[in-house]
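For reference, the structure discussed in these notes is given below.
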Amino acid sequence: MGDFANTIRRQAAETMRNVLHREVSQRTDPLLELIAALLEDGAGGIHITPEAPVTTDQWLTWNRLVTERESLLVRSMTRVLERERLPLPMGTDAMRTWAARLLLITLDCLGLA
């Protein structure tokens, strides 16, 4: 994995612990956990961000990839992070927009957007 992506993963794990007060599973990529924590609305739906709206179909596709093709999804996210250099912002709203953008760009790279 690239250095930039690894830095973002460490920041994601720290954000999960220190900001969202959730422990990160050793078996799951911290980026996947952070994206789910930021975008999941608690009822199986998604928080919509006006700056990067994610449709229900895109959210369902993402979650299917998390469960069925996690390694492909992680590799694709890594490539997106290394290419786009998307820094993890501060503040929940900004992080939510960041998570939605990462999700959308990754799905687009996989031809699934």
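The values are calculated or read from the model by the stated rules, or taken from the named source; none is laboratory data. Since we're looking at a predicted model, the values are computed, not measured. Ideal geometry is used to build each Cβ from the backbone, glycine not excepted, and the neighbour counts take in all protein chains shown.
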Just checking, how many residues over the range 66-79 are in contact (Cβ under 8 Å) with a residue 24 or more places away in the chain and closer than 21 Å to Met16 by Cα?
6
Would you be able to say whether some residue in the range 50-57 is more than 22 Å from Thr7 (Cβ to Cβ), in a helix (DSSP H, G or I) and free of Cβ contacts under 8 Å to residues at least 40 places away in the same chain?
yes
Out of Leu88, Leu60, Leu31, which single residue is in a helix (DSSP H, G or I), within 11 Å of the chain's Cα centre (by Cα) and not small (Gly, Ala, Ser)?
Leu31
For the range 7-32, name all the residues that are closer than 15 Å to Ser71 by Cα and surrounded by fewer than 13 Cβ atoms within 10 Å (Cβ to Cβ).
Gln26, Arg27
Considering the range 86-113, residues that are touching a helix residue (DSSP H, G or I) at 6+ places or on another chain (Cβ under 8 Å), closer than 18 Å to Trp59 by Cα and among the β-branched types (Val, Ile, Thr), and then whichever is surrounded by the most Cβ atoms within 10 Å (Cβ to Cβ), we arrive at Thr106
In the range 38-61, the residues that are surrounded by 18 or more Cβ atoms within 10 Å (Cβ to Cβ) and either at pLDDT 90 or above or closer than 18 Å to Thr15 by Cα (or both)
Leu38, Leu39, Val54, Gln58, Trp59
Might you let me know whether the range 75-85 holds any residue that is surrounded by fewer than 14 Cβ atoms within 10 Å (Cβ to Cβ) and among the hydrophobic types (A, V, I, L, M, F, W, C)?
no
Can you name every residue in the range 1-28 that is in a loop (DSSP other than H, G, I, E, B) and either at pLDDT below 90 or at negative phi (or both)?
Met1, Gly2, Val19, Leu20, Arg22, Glu23, Val24, Ser25, Gln26, Arg27, Thr28
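Looking at Arg64, is it surrounded by fewer than 15 Cβ atoms within 10 Å (Cβ to Cβ) and not β-branched (Val, Ile, Thr)?
So Arg64 passes the test.
Inspect the range 64-73 for any residue being part of a helix (DSSP H, G or I), hydrophobic (A, V, I, L, M, F, W, C) and touching a Phe, Trp or Tyr at 6+ places or on another chain (Cβ under 9 Å) and give the result as yes or no. Quick ask: steps written out before the conclusion?
Taking the range 64-73 and keeping what is part of a helix (DSSP H, G or I), we get 64-68, 70-73.
Applying the additional criterion that residues be hydrophobic (A, V, I, L, M, F, W, C) yields 65-66, 72-73.
Still in the running and touching a Phe, Trp or Tyr at 6+ places or on another chain (Cβ under 9 Å): 73.
Within the range 64-73 (the criterion being part of a helix (DSSP H, G or I), hydrophobic (A, V, I, L, M, F, W, C) and touching a Phe, Trp or Tyr at 6+ places or on another chain (Cβ under 9 Å)), the answer is yes, since at least one residue qualifies.
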